[in-house]
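Remarks on the structure that follows.
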Amino acid sequence: MMQPTPQFDPVVTTKSLIRSGKQGALATLMAGAGDPYCSLVNTATAADGSPLLLISGLAIHTKNILADPRVSLMIDERKAGDPLEGARVMIGGRAEKITDEAVLEPIRRRYLSRHPSAEAFVGFPDFAFFRIVVRDVHLVAGFGRIVTLEAAKVLTDVSGADEVLATEASAVAHMNEDHADATALYATKLLGAADGAWRITGLDPDGADLALGDATLRLPFPERVTSALALRKTLVALVAEARAKA
């Protein structure tokens with residue numbers, strides 16, 4: 001397998017692509033015939049980084065999944081110019097419908113934070129959330145930068161981080177309502193993005209997801225956090241780092 005370099009870390013690149021993706025090409029198998037079928041879907045991620053889909057039972061891809069859950073999802077960085085010069089990931093696994101009400105609440109919140117327009121139909125009876133249980137991820141990030149990674153390498157370990165997951169919603173709301181200036185600094189000074197009303201759409205033990213309109217960013221934390229106090233300290237430290245660069 002390729003070795004990371006100071007300029008390129010395949011694990012970091014893969015995680016960033018999955019976390020910052022908003023749309024992807026979903027490949028399923030036609031029910032009965034088994035022929036390949038590809039469709040465009042909107043995506044978000046669960047706290048552990050598993051891709052999330054909100055799809056209608058009337059759609060062909062949903063019918064295919066219910067007959068055979070094996071799927072592949074491609075997410076690319078939407079690079080300007082020749083798209084083949086940009087990085088992309090092919091996520092292999094199986095799609096499972098989420099029915100546990102305790103799990104659905106944070107899934108719904110995280111998805112709608114990434115896709116606010118879905119609020120208009122999320123409650124329709126034929127729509128349901130699905131999670132892709134990742135088997136492996138194939139990264140193509142340029143010449144000599146092609147590697148397949150096991151799920152454990154690219155998903156976020158949420159064990160022992162119940163406090164972070166439980167306080168995520170309130171922490172996101174607090175940052176967006178009371179510290180929008182800090183979020184803008186994360187985007188502009190730490191991630192090199194254009195200035196604007198950036199907001200946080202999700203927090204997890206490994207980092208924060210940011211959005212501005214259709215643009216999305218992933219802010220990795222310097223180290224894994226498992227408590228609300230550690231999360232707060234990390235966000236404060238990152239603001240200090242951003243202000244120092246300003």
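For the reader, a short list of remarks on this structure follows.
- Between Ala197, Ala173, Ala215, Ala152, the distinction of being within 25 Å of Thr43 (Cβ to Cβ) and modelled with pLDDT under 95 belongs to Ala215 only.
- Within segment 63-87, the set of residues being of a type outside the set (D, E, K, R) and free of Cβ contacts under 8 Å to residues at least 40 places away in the same chain comprises Asn64, Leu66, Ala67, Pro69, Ala80, Gly81, Pro83, Leu84, Gly86.
- Residue in segment 51-62 that is more than 22 Å from the chain's Cα centre (by Cα), closer than 16 Å to Gly93 by Cβ and surrounded by 19 or more Cβ atoms within 10 Å (Cβ to Cβ) present: no
- Number of the condition not met by Ser117 [criteria: (1) without any contact (Cβ under 8 Å) to a residue 24 or more places away in the chain; (2) not in a helix (DSSP H, G or I)]: (2)
- Of the helices (runs of 4 or more DSSP H) lying entirely inside segment 126-230, the ones with 2 or more residues being touching a strand residue (DSSP E or B) at 6+ places or on another chain (Cβ under 9 Å), closer than 19 Å to Leu112 by Cβ and touching a residue at least 60 places away in the same chain (Cβ under 8 Å) are found at 162-178.
- Being in a loop (DSSP other than H, G, I, E, B), modelled with pLDDT of 95 or more, more than 23 Å from the chain's Cα centre (by Cα) and of a type in the set (A, V, I, L, M) is a description that does not apply to Leu66.
- Residues being within 20 Å of Thr226 (Cβ to Cβ) and surrounded by 14 or more Cβ atoms within 10 Å (Cβ to Cβ) - total across segment 143-184: 17
- Restricting attention to segment 117-142, the residues that are surrounded by fewer than 17 Cβ atoms within 10 Å (Cβ to Cβ) and either farther than 30 Å from Glu85 by Cα or among the aliphatic types (A, V, I, L, M) (or both) total 13.
Results for (1) under 24 Å from Ile200 (Cα atoms); (2) hydrophobic (A, V, I, L, M, F, W, C); (3) touching a Lys or Arg at 6+ places or on another chain (Cβ under 9 Å); (4) not assigned by TED's automatic domain parsing to the domain that holds Ile98, shown as yes or no for each residue.
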residue	(1), (2), (3), (4)
Pro36	no, no, no, no
Asn42	yes, no, yes, no
Ala46	yes, yes, yes, no
Leu54	yes, yes, yes, no
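The values are calculated or read from the model by the stated rules, or taken from the named source; none is laboratory data. Not measured: the values here are computed from a predicted model. Note: ideal-geometry Cβ built from the backbone for every residue, glycine included; neighbour counts use all protein chains shown.
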